[in-house]
1. Taking amide H positions as placed in the peptide plane 1.01 Å from N, state which residues far from A217 in sequence (5 or more) or on other chains have amide H under 5 Å from it.
2. Using only Cα atoms, find the angle between the long axis of helix 67-81 and the longest principal axis of the chain, and express it within 0 to 90 degrees, rounded to the nearest 10.
3. For Cα Rg over 2.2 N^0.38 Å, one of [x] 1.11; [y] 0.98; [z] 1.06 was computed from the structure I shared and the rest are decoys. Which label?
4. Of the listed peptides 78-90, 156-168, what is their order by residue-averaged count of other C-beta atoms within 10 Å, with the highest listed first?
5. Relative contact order for segment 55-214: what is it in percent, counting Cα pairs under 8 Å that are at least 6 residues apart?
6. Where both partners of a DSSP beta bridge lie in the chain, what percent of those bridges are antiparallel, to the nearest 5?
7. So what is the 222 nm mean residue ellipticity for the chain from helices alone, if each DSSP H run of at least 4 adds -39500 (n - 2.57) and you divide by all residues, rounding to the nearest 500 deg cm²/dmol?
8. Under the rule that an exposed site lies in a DSSP loop and has at most 16 other Cβ atoms within 10 Å, name the longest stretch of the chain with no chymotrypsin sites (Phe, Trp or Tyr not before Pro) of that kind, not counting the sites themselves.
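The values are calculated or read from the model by the stated rules, or taken from the named source; none is laboratory data. All values reported here derive from a predicted model rather than from experimental measurement. Note that we place each Cβ from the backbone using ideal geometry, even for glycine, and neighbour counts take in every protein chain shown. The area values use the complete protein model at the heavy-atom level, side chains included, leaving out ligands, DNA and RNA. Shrake-Rupley method; radii C 1.70, N 1.55, O 1.52, S 1.80 Å.
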Amino acid sequence: MILAIDVGNTNIVLGGITDGKQVFSARLASDRNKTEDQYALDIQGILTMHGVKPGDIEGGILSSVVPYLQTIIPHAIRLLTGIDILVVGPGIKTGLNIRMDDPAAVGSDLIVTAVAARAKYPAPIAIIDMGTATTVSVVNADGTYIGGMIIPGLWVSVNALSARAAQLPYIDLSGPTKLFGTNTVDCMRSGAVIGCAAMMDGIIERMEEELGQPVSAILTGGVSPLITPYCRHEFHLEPDLLIEGLRILYEKNKPGARR
């Protein structure tokens, strides 16, 4: 089994992959105060819950947007299994041409999702990853990563609004949302969910104008299932896109892989 680990600002997603297929997925809270020993215990508990022994792990790969955990998690995996996992960063073969001012500064999560999307969908491609931040990545018709956007995440925006406005409560965004709210909570939910969906539609519309052709539009990340039903543009919902990208990169870079 291969472990594919995505370390985000809010959650750590752990995927188990056997014979190229994901067999389980689990989430941990991203905690910068935990030690490698504590994470080793957490990951051991997840493996046990899914009937996996540490000895069953033959390799792994990690993508992280949290520098501290980019070091701690591989150490935890080594403690638990005795193996060294790959870390997405400089030196990792991606097969992706990156046309940015500083390619090395592009977030590893953006590269991983772009690799996965390019393997599955025709270019040009727009990947919208809705997590703590909402990121947009664009791959043009030639398969080149040409840039994107970073937008305050949906929950970040909603919680900031509640924190700064004395009469606005903290709300839950799940459940049906209608265009016109008739109370404070419904008005906030409508503004957050439908407003975000309208933004996604508008971004794709402008991208297609800029590129001069239709794009394959992909939504991924923890918040994406809440937003997709309210979008007018056709989006491909891919909740496990990053794990799939990690699998592809592991196959490209594992010991003995043909380069």
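1. Hits under the 5 Å cutoff: A126, H236.
2. The angle comes out at about 40 degrees.
3. Matching the structure shown: [z].
4. Top of the packing list down: 78-90, 156-168.
5. Details: 185 pairs, mean separation 20.7, N = 160.
Once normalised by length, the contact order is 13 percent.
6. Working: 27 of 44 bridges.
Rounded to the nearest five, the antiparallel share is 60 percent.
7. So the helix-based figure for the chain works out to -12000 deg cm²/dmol.
8. Longest run free of exposed loop sites: 1-169.
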